[in-house]
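Visitor: One structure, as structure tokens, below. Some questions next.
The values are calculated or read from the model by the stated rules, or taken from the named source; none is laboratory data. What you see is a predicted model; the values in this text were computed from it and never measured. Here the Cβ positions follow ideal geometry from the backbone for every residue, glycine too, while neighbour counts run over all protein chains shown. Just the protein is used for accessible areas: all its heavy atoms, side chains included, with ligands, DNA and RNA removed. Shrake-Rupley method; radii C 1.70, N 1.55, O 1.52, S 1.80 Å.
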Amino acid sequence: MTLLARDAQDEPLPGARSRQGAGAVALRWLGVAVAAAALWSTLRGADLQGVAALIASVGAPMMALALVPNLVARLLQTEASRRVFDTCTPASGRPAPFSRYLALTLATEALTMSVPAGAALSESVTFYLLHRWCGIPGPQAVAGIAARRALIVLANAAYVALALALGFGHLERASRPLIGAPGLPWLVVLSGLGLLAVALALGGALLSGTVASRVFAQLKRLPGRRVRAAIEARAAAFSATDRHAAALGERRHALAAAALLLLGMWLAEGAETYFFLRLLGVDVSFPEVLSFEVVLAFLRAAAFMVPAGLGVQDAGYVAFLGALGVPAAATVGAAFVLIKRAKELVWIALGLLVFFGGRAAFPPAPEEA
């Protein structure tokens, strides 16, 4: 009887597992329903022949050129990651080359864009690839991933501030058509302040060098003898994570440079939207683009269950183009989102190719060799 009780404590109940699985399936189908409804909302008012004519007018050479802004964004993101993770010491003592970090960025971004809640999955894959391709041990990788996440949020807050400084008036103009009231810019202000607060809280907690120890203390309270034993066996890893997190605080110049590079990544993604709209003949300014890009970034994050915000973000683009007075906004918006999604398919295909082909292309880092 005692043994059965212990086993019941150590193993999750079948009913709990089935409820977790049912919840995941329900979330997935919710994402599909939201995406389908938003896509229908995006396309139903469009002149499909006009959409085809607009896309055909762009031409193949310019379509290829449309891949460049995203490439610039990924290169900036890669260099930011390299600067953060180069503070982590690989087992070989030699920093991994830029090419491995670029492959890691392409692979994880493809997962982020192609699966529900892809951002969470990509962080787990990043941990694995940092160890496999870059030779960075687990504790250092965890601290580096957490630092990079805080820097991304901080760069996003700076991006929101810049967009507000340049495009506050455009948000005011679009506010009433979109939400029926004049308060949209102030909602963005509050969101930006929230991002800044989160970034400072994450950064301060991480660099204090105590987060992993606190997590360890909480995990030791979990029920199940075998679970607690497994956690206690990793006490050294938790301590090492805190030591490295504290050491990151001594590399503030590298972290500041990474944050600026990530801000450049956000601006490159805004420049991509501007470039696409200009290709379609839309008379729009860069500040106008920034004003709605920051709002749609929040919308995409809120629709995390939908891969790449499919449908939700697209409907947002059409709504903003209409609110800003773009002629034939539904048709132009549909052409725009089709080009944008086609571009994403190219990068997803490339990233998945890198991910699945990376085992042959990149031999294990010296730690695993």
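Visitor: Here are some residues: Gly209, Gly203. Which one is outside any helix (DSSP H, G or I), surrounded by 13 or more Cβ atoms within 10 Å (Cβ to Cβ) and out of contact with any Phe, Trp or Tyr (no Cβ under 9 Å at 6 or more places or on another chain)?
Guide: Gly209
Visitor: Restrict the check to the stretch 117-133 and report whether at least one residue is part of a loop (DSSP other than H, G, I, E, B), closer than 30 Å to Ala319 by Cα and not hydroxyl-bearing (Ser, Thr, Tyr).
Guide: yes
Visitor: Let me ask something else about it. How about the stretch 343-369: which of its residues are of a type in the set (Gly, Ala, Ser) and modelled with pLDDT under 90?
Guide: Matches in the stretch 343-369: Gly357, Gly358, Ala360, Ala361, Ala365, Ala369.
Visitor: Next question. Would you be able to say whether some residue in the stretch 64-85 is within 19 Å of Asp242 (Cα to Cα), among the hydrophobic types (A, V, I, L, M, F, W, C), open to solvent by 30 Å² or more (accessible area, probe 1.4 Å) and in contact (Cβ under 8 Å) with a residue 60 or more places away in the chain?
Guide: No, because not a single residue in the stretch 64-85 is within 19 Å of Asp242 (Cα to Cα), among the hydrophobic types (A, V, I, L, M, F, W, C), open to solvent by 30 Å² or more (accessible area, probe 1.4 Å) and in contact (Cβ under 8 Å) with a residue 60 or more places away in the chain.
Visitor: Give all pairs with beta carbons closer than 8 Å in which a residue from the stretch 132-155 that is without any contact (Cβ under 8 Å) to a residue 40 or more places away in the chain meets a residue that is hydrophobic (A, V, I, L, M, F, W, C); count only pairs at least 6 apart in sequence or on separate chains.
Guide: Taking only residues 6 or more apart or on different chains, the pairs are Ile145/Phe127; Ile145/Leu130.
Visitor: Could you go through the stretch 242-251 and let me know if any residue there is touching a Pro at 6+ places or on another chain (Cβ under 9 Å), under 22 Å from Gly203 (Cβ atoms) and surrounded by fewer than 21 Cβ atoms within 10 Å (Cβ to Cβ).
Guide: Looking through the stretch 242-251, at least one residue is touching a Pro at 6+ places or on another chain (Cβ under 9 Å), under 22 Å from Gly203 (Cβ atoms) and surrounded by fewer than 21 Cβ atoms within 10 Å (Cβ to Cβ).
Visitor: Just to be sure I understand the filter: pairs with C-beta atoms under 8 Å, separated by 6 or more residues or on different chains, first member in the stretch 174-188 and under 21 Å from Ala329 (Cα atoms), second member loosely packed, with under 13 Cβ neighbours inside 10 Å. Which pairs pass?
Guide: Ser175/Ala181; Ser175/Pro182; Arg176/Pro182
Residue by residue, here is whether (1) out of contact with any Cys (no Cβ under 8 Å at 6 or more places or on another chain); (2) under 30 Å from Gly144 (Cβ atoms); (3) part of a helix (DSSP H, G or I); (4) of a type outside the set (A, V, I, L, M) holds:
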position	(1), (2), (3), (4)
Leu261	yes, yes, yes, no
Gly270	yes, yes, yes, yes
Tyr274	yes, no, yes, yes
Leu277	yes, no, yes, no
Val282	yes, no, no, no
Pro287	yes, no, yes, yes
Phe292	yes, no, yes, yes
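Visitor: May I pose another question? Say we look at the stretch 59-74 and pick out the residues that are within 17 Å of Val337 (Cβ to Cβ), of a type in the set (A, V, I, L, M) and touching a Phe, Trp or Tyr at 6+ places or on another chain (Cβ under 9 Å); which of these is modelled with the highest pLDDT?
Guide: Filtering first and then ranking leaves Leu67.
Visitor: Right, next: Looking at (1) open to solvent by less than 20 Å² (accessible area, probe 1.4 Å); (2) closer than 27 Å to Phe292 by Cβ, which is the only condition Ala117 fails?
Guide: Failed condition: (1).
Visitor: Sticking with this structure for a sec: For the stretch 218-241: of the residues being open to solvent by 60 Å² or more (accessible area, probe 1.4 Å) and part of a loop (DSSP other than H, G, I, E, B), which is nearest to Ser81 (Cα to Cα)?
Guide: Here the answer is Arg234.
Visitor: Among the residues of the stretch 97-114, count how many are open to solvent by 10 Å² or more (accessible area, probe 1.4 Å) and among the hydrophobic types (A, V, I, L, M, F, W, C).
Guide: Adding up the residues that qualify gives 5.
Visitor: Kindly establish whether Ser285 is among the polar types (S, T, N, Q) and either within 15 Å of Leu178 (Cβ to Cβ) or touching an Asp or Glu at 6+ places or on another chain (Cβ under 8 Å) (or both).
Guide: So Ser285 does not fit the description; no.
Visitor: Let me ask something else about it. Scan the stretch 158-167 and give yes if some residue there is out of contact with any Leu (no Cβ under 9 Å at 6 or more places or on another chain) and touching a residue at least 12 places away in the same chain (Cβ under 8 Å), otherwise no.
Guide: no
Visitor: In addition: Please verify whether the stretch 312-319 includes one or more residues that are open to solvent by 20 Å² or more (accessible area, probe 1.4 Å), within 21 Å of Phe168 (Cα to Cα) and in a helix (DSSP H, G or I).
Guide: Within the stretch 312-319, one or more residues are open to solvent by 20 Å² or more (accessible area, probe 1.4 Å), within 21 Å of Phe168 (Cα to Cα) and in a helix (DSSP H, G or I).
Visitor: If you don't mind, there's one more thing I want to ask. Before we move on, is His253 at pLDDT below 85 and not in a loop (DSSP other than H, G, I, E, B)?
Guide: No; evaluated as a whole, the condition is false for this residue.
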